[in-house]
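Comments concern the structure below.
The values are calculated or read from the model by the stated rules, or taken from the named source; none is laboratory data. In this text the structure is predicted, and so the values were computed from the model without any measurement. Here the Cβ positions follow ideal geometry from the backbone for every residue, glycine too, while neighbour counts run over all protein chains shown. Just the protein is used for accessible areas: all its heavy atoms, side chains included, with ligands, DNA and RNA removed. Shrake-Rupley method; radii C 1.70, N 1.55, O 1.52, S 1.80 Å.
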Amino acid sequence: MPSQETTKKSVKKRLNEFNAALKQQNPSKITLDLAQVLWENVPNEDLATFSAVEQANLTTLTAKHIANRKPGQAKVNLYNIDSPDERLSQVTVIDILNDDMPFIFDSIVSLMSETDNQICLIAHPLISIERTPDGALKRIATQTTTRPEFISESLMHIHIERIEEKSARDALHDEILETLKEVRAAVLDWQAMQSRIRAAIKQYQDNPPPVPVVELTESTAFLDWLLDNHFTILGIRDYAFKGGSEHGALSAIDNTGLGVLRNPNRKVLSRNSTSEAITPKIRDFLRQPSPLIITKSDALSKVHRRTEMDYIGIKQFDSEGELIGETRIVGLFTSTAYTSSPRYIPLVRRKIEAVINLSGHNLQTHSGKGMLNVLETFPRDELFQMDIDALHTMTEGIIRLEERPKPKLFVHNDRFDRFVSAYVYIPRDRFNSSIRSKVGKHLAQAYNGRVTRFSPFFSDTPLVRVHFIISRNPGDAPTPDFDELENTITNEIRTWSDRLGDVLAENYKPKQATILKRKYNGAFSAGYEDTFTPSSALYDVREIEKLQDTCNIGVHFFNILREEANRCRVKLYHYDNPISLSARLPILENMGLRATEESTFTASPNINTTRPNPTVFIHEVTLQSNDGSDIDIKGLAHKLEECFMAVWVRQAENDRFNALVLKAGFDWRDAAILRACGKYLRQVGVAYSTDYMATTLVKHGSIAKRLLDIFYIRFDINYKNPDGKIASK
């Protein structure tokens, strides 16, 4: 890492190079002054990615861009540079000039993020500028000044990843202008919108509507709370309610829109259409005595944060208490609204008090403190929108999760059927982006919508809460089977080890199953889990459990469904290190089998915690009979396993006689008898080699069986002939 002194020298050298390159272009004083303020706060590592000459060219182009602008107008230039400089040939440059006002910077940055345009460099100086009456630039102040002839202008110089298509650049250009237009409208109308809300409060106080006094008091307190820097007001519009209580509808009153709702085409509840939606549920809610509506708008904010705007409706009543209209406010709750305790937020505090009273918990007890913690950490938007009964039911369910952590789903439907708010509790050690994506897809499919927002919340508990917002597609609201959906999501969250635990529980007594679950939880490698099901792993667990320190190898011959008749498989288990090919393949080949495929996996059973767990190597080998004949694996598996083990521990020799197990159904001891006979014949002078005799016997398995019968008839008084009779001596 370079020292601070080295960095200073590098910055100074870069500045000297830039000044020299700029002077070669014979710049005006305005360009020189702009250069002084434009790059002042840009990190040196961002500037170092292109040459000093290109930086000088960018300065000149930006100076031309700001040369003329009339107050009240935004000016945007978006262009590509054909440059030999590799860095500039990969970016699109955006110059934005506007009157200085709040929200410009974060609105543009949010737009770039929303449109997936990666920002590579950004310069955002506030420039004090003197202009002529027609907007021509006269001077730039290089120092902060309060002189009346200077006005403050916001300049943004941005580099984003290059956009080659002109149509895409034009679309972004128009979106930037539309964003700045809404920023300007929201800022200019801010005081007027505040006055409109204060007038609504005064109307409630002077002519109270027919609602409970406590409800009205909390509602006016909530509106006062909004004005106390807890809500960024972006738009407001008045609506008239006409047509009676049964079939009435709201219609916008002309020329009452302020802020972003100046535009008559900007809707609050559009339900994916261009017209304002008045559904039966909205109409029913309007007739309820509650003075306020607090929910989410369908409209996306272009100002400050690119998210759905919060919508607050103030109902208007006539002198007889009949609903005559609504004042609709859209905006964004500020950060203080999300960080302050909900127990001090009007309306919300009453909900919290009511939920605690319904639960019967004492706040001094563990359960009471737990419920209060759940409510205080609950998504704030949901506290504004949910009714008391729904909030109480969900809170009680969440508290039970603290006592017994497990995957769980909670769902809350928007009262106007526009979106579904789903809470999925996922064990912390299972949560990842893949699980989150899969769960979101299940929810979107079940509720006929799409995931528009998700936010994970990590607490001190073993569970992660993921809050999904599912925006519904047009059409009737689906009613999926909740238990089935929860089971589907739970199975998605469950790991391979969880499912193995279920298999073990089904096949072992409870005490032994518990021991094995702990022992094999996470024991198998990722490759193994991708290849085998938990059900098939049961057989491997059984084989591993049989392994002994004195003989740390296991063998299991088997077949799978739809395996060709002349094929079978074998799994070999060995502690500490893999079995080499030279150690296992010759044994299998002498048993009349040829290996065609082979895979190796590992497992590390949780045996102890004081030292690393031993590793079990699992070799799965696909085998085929040497002569292509069928393999009766069901009848021969045990004999093949015993034969392999006998050779491994050197109870039997590793030669062609072992193929008699496969071809004639011998066990390894029977093969050893004929092997001994062959060795005896060699000793008495027979010309045939032992290998030749073994090959011949394997080829003529029926004759080998008869020879074995003769041996037993002569030497075993209890030997039974094939007809079941005991042979006489």
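Residues in segment 418-442 that are surrounded by fewer than 17 Cβ atoms within 10 Å (Cβ to Cβ) and among the charged types (D, E, K, R): Arg428, Asp429, Arg430, Lys438, Lys441. The criterion of being in contact (Cβ under 8 Å) with a residue 24 or more places away in the chain and at positive phi does not hold for Gly527. Annotation note: of Leu22, Leu32, Leu61, Leu38, the sole residue that is crowded, with 17+ Cβ neighbours inside 10 Å, aliphatic (A, V, I, L, M) and without any contact (Cβ under 8 Å) to a residue 60 or more places away in the chain is Leu22. When segment 322-350 is filtered for residues that are under 28 Å from Ile253 (Cα atoms) and polar (S, T, N, Q), only Thr327 remains.
Taking the listed residues Lys634, Lys639, Lys705, the one that is open to solvent by 50 Å² or more (accessible area, probe 1.4 Å) and in contact (Cβ under 8 Å) with a residue 60 or more places away in the chain is Lys634, with no other qualifying. Going through segment 212-237 one residue at a time, which ones are part of a loop (DSSP other than H, G, I, E, B) and open to solvent by 30 Å² or more (accessible area, probe 1.4 Å)? Selection gives Pro212, Asp228, Asn229.
Taken over segment 550-587, residues that are in contact with a Ser or Thr (Cβ under 9 Å, 6 or more places away or on another chain), open to solvent by less than 50 Å² (accessible area, probe 1.4 Å) and polar (S, T, N, Q) amount to 1. Summed over segment 373-394, the residues that are closer than 23 Å to Ser297 by Cβ and part of a loop (DSSP other than H, G, I, E, B) give a count of 4. A Cβ distance below 6 Å, combined with a sequence gap of six or more or placement on separate chains, defines the contacts here; from segment 193-214, residues that are among the aliphatic types (A, V, I, L, M) reach residues that are assigned to a helix (DSSP H, G or I) in the pairs Ile197/Leu223; Ile201/Thr220; Ile201/Leu223. Going by what's in this entry, would Met156 be described as at pLDDT 95 or above, open to solvent by less than 60 Å² (accessible area, probe 1.4 Å), within 25 Å of Asp46 (Cβ to Cβ) and within 42 Å of the chain's Cα centre (by Cα)? Criteria met by Met156.
Just to be sure I understand, how many residues within segment 395-439 are part of a helix (DSSP H, G or I), over 20 Å from Leu358 (Cβ atoms) and in contact (Cβ under 8 Å) with a residue 40 or more places away in the chain? Break it down into steps so the answer makes sense when it comes.
Of all residues in segment 395-439, those part of a helix (DSSP H, G or I) come to 395-403, 433-439.
Narrowing the set further to residues that are over 20 Å from Leu358 (Cβ atoms) leaves 433-439.
Right, trim to in contact (Cβ under 8 Å) with a residue 40 or more places away in the chain and you get 435, 438-439.
Count: 3.
Mind checking which residues of segment 524-543 are over 21 Å from Glu506 (Cα atoms) and either among the hydroxyl-bearing types (Ser, Thr, Tyr) or surrounded by 13 or more Cβ atoms within 10 Å (Cβ to Cβ) (or both)? Result: Ser525, Tyr528, Thr531. Quickly run through segment 473-491 and pick out the residues that are surrounded by 14 or more Cβ atoms within 10 Å (Cβ to Cβ) and farther than 12 Å from Gln445 by Cβ. Of everything in segment 473-491, those that are surrounded by 14 or more Cβ atoms within 10 Å (Cβ to Cβ) and farther than 12 Å from Gln445 by Cβ turn out to be Ala477, Glu486, Thr490. Taking the conditions (1) in a helix (DSSP H, G or I); (2) open to solvent by less than 40 Å² (accessible area, probe 1.4 Å) in turn, Phe666 satisfies each one other than (1). For the subset of segment 287-313 comprising residues that are in contact (Cβ under 8 Å) with a residue 60 or more places away in the chain and among the polar types (S, T, N, Q), which member is farthest from Ala249 (Cα to Cα)? The residue in question is Thr307. Kindly provide the set of residues from segment 443-460 that are part of a loop (DSSP other than H, G, I, E, B) and either surrounded by fewer than 14 Cβ atoms within 10 Å (Cβ to Cβ) or of a type in the set (D, E, K, R) (or both), ordered by number. Matches in segment 443-460: Ser459, Asp460. Within segment 23-59, work out how many residues are farther than 21 Å from Lys138 by Cβ and assigned to a helix (DSSP H, G or I). Residues meeting the conditions: 12. State all residues of segment 332-368 that are loosely packed, with under 12 Cβ neighbours inside 10 Å and of a type in the set (A, V, I, L, M, F, W, C); if no residue qualifies, say none. Correct list: Leu363 only.
Restricting to segment 100-114, count the residues that are more than 31 Å from the chain's Cα centre (by Cα) and either without any contact (Cβ under 8 Å) to a residue 12 or more places away in the chain or open to solvent by less than 30 Å² (accessible area, probe 1.4 Å) (or both). Counting residues in segment 100-114 that are more than 31 Å from the chain's Cα centre (by Cα) and either without any contact (Cβ under 8 Å) to a residue 12 or more places away in the chain or open to solvent by less than 30 Å² (accessible area, probe 1.4 Å) (or both) gives 1. Scanning segment 165-199 for residues that are open to solvent by less than 50 Å² (accessible area, probe 1.4 Å), out of contact with any Leu (no Cβ under 7 Å at 6 or more places or on another chain) and not β-branched (Val, Ile, Thr) yields a count of 5.
Note on segment 125-150: residues that are β-branched (Val, Ile, Thr), open to solvent by less than 100 Å² (accessible area, probe 1.4 Å), more than 20 Å from Ile108 (Cβ to Cβ) and under 50 Å from the mean Cα position of the chain (by Cα) total 3.
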